[in-house]
1. Being within 29 Å of Thr110 (Cα to Cα) and either within 19 Å of the chain's Cα centre (by Cα) or open to solvent by 40 Å² or more (accessible area, probe 1.4 Å) (or both) is true for just one of Ala224, Ala168. Which residue is that?
2. For segment 34-127, which fully contained helices (runs of 4 or more DSSP H) count at least 3 residues that are in contact with a Phe, Trp or Tyr (Cβ under 6 Å, 6 or more places away or on another chain)?
3. Cβ-Cβ under 9 Å, sequence separation 6+ or interchain: first residue in segment 157-171 and in contact (Cβ under 8 Å) with a residue 60 or more places away in the chain and not assigned by TED's automatic domain parsing to the domain that holds Ala193, partner open to solvent by less than 70 Å² (accessible area, probe 1.4 Å) and in a helix (DSSP H, G or I). Which pairs?
4. Restricting to segment 76-105, name every residue that is open to solvent by 60 Å² or more (accessible area, probe 1.4 Å) and touching a helix residue (DSSP H, G or I) at 6+ places or on another chain (Cβ under 9 Å).
5. Tell me the helices (runs of 4 or more DSSP H) entirely within segment 140-253 that contain at least 1 residues that are at pLDDT below 85 and more than 30 Å from Phe120 (Cβ to Cβ).
Amino acid sequence: MKEKNNIWGKIYGYFMIAIVLIISIYPIAWVVLSSFKQNPGGLSLPDKWVFDGYITIFTQLDIGMYFKNSIIVTALSTFFSVTIVSMSAYVSARMEFKLKSLVTLMFTTTLFIPSVSISFPIYQMLGNLGLRDTHAGLIFVYSGLGIAVTFFMLRAYFLSIPKEMEEAARIDGCSYAGAFFRIILPISRPGIATAAIMVALNNWNEFYFASILLKSKENMTLPALLGQFTTTYAQNLNGMFSAIVVSVLPTIIVFCLLSETFVKSLTAGAVKG
């Protein structure tokens with residue numbers, strides 16, 4: 001009876017895995033196949049394989065420029081975001097101060113605020129600062145997006161590190177800053193790597209703010225490029241799907257190469273001590 005239950009349990013597990021795989025792979029396969037069709041749509045193989053979309057984005061649109069812009073914006077915004085948030089998360093995890101609960105609550109409330117709802121004040125503020133349609137403005141916005149998730153992820157990781165390590169460093173004469181940079185930061189590399197990967201992937205694929213803040217083509221990132229294929233009078237769906245494939249492919253390759261490191265990073269702080 002027990003063996004029978006185990007068999008049905010395995011069948012159920014494989015069935016659920018298959019459903020999740022289908023849900024995950026279906027849109028990717030749909031987009032890839034559509035990029036080779038004259039009339040995009042469906043999962044059927046193209047009657048005639050068309051490469052016009054790829055030829056257009058590589059020869060006429062100078063996609064290398066958009067790649068460079070995306071790399072610059074993603075790298076700098078990820079660096080600033082993770083650096084600043086890691087310090088604030090360390091303070092929240094290790095130090096006691098007045099209104100600490102209120103500060104943590106303020107970080108928590110940002111989890112429930114949709115980024116679309118604050119787009120107008122951000123647009124207005126960047127305009128007043130003269131940062132609209134600039135990489136600096138977009139880096140500023142991306143550095144603030146997802147702060148709450150990164151904060152709680154790193155804070156939980158810092159809490160899992162034994163306090164005795166810091167106490168030993170303080171006895172040896174280290175300040176709070178010295179303990180952070182010399183002790184905590186090296187130990188926390190797996191958690192920081194996880195946060196950096198998640199922030200980088202989100203920033204690389206972000207479309208909404210990139211499309212409303214960047215107007216000149218020389219400043220556009222890859223996601224913002226997608227809006228150039230649909231206008232009031234015409235739609236180049238084949239080119240748009242080709243651009244989607246090209247923009248998504250690097251993130252898939254990077255994740256496949258770093259998947260083992262990513263999983264280890266997620267589980268490294270699960271066991272305290």
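The values are calculated or read from the model by the stated rules, or taken from the named source; none is laboratory data. Just so you know, these numbers come straight off a predicted model, no measurement behind them. Here the Cβ is made from the backbone with ideal geometry for all residues, glycine too, and neighbour counts use every protein chain on show. Note: areas computed on protein heavy atoms with side chains; ligands, DNA, RNA excluded. Shrake-Rupley method; radii C 1.70, N 1.55, O 1.52, S 1.80 Å.
1. Residue meeting the stated conditions: Ala224.
2. 63-94
3. none
4. Listed by number, the residues that qualify are Leu76, Phe79, Phe80, Ile84, Met87, Phe97.
5. Ranges flagged: 147-159, 163-171, 176-179, 189-205.
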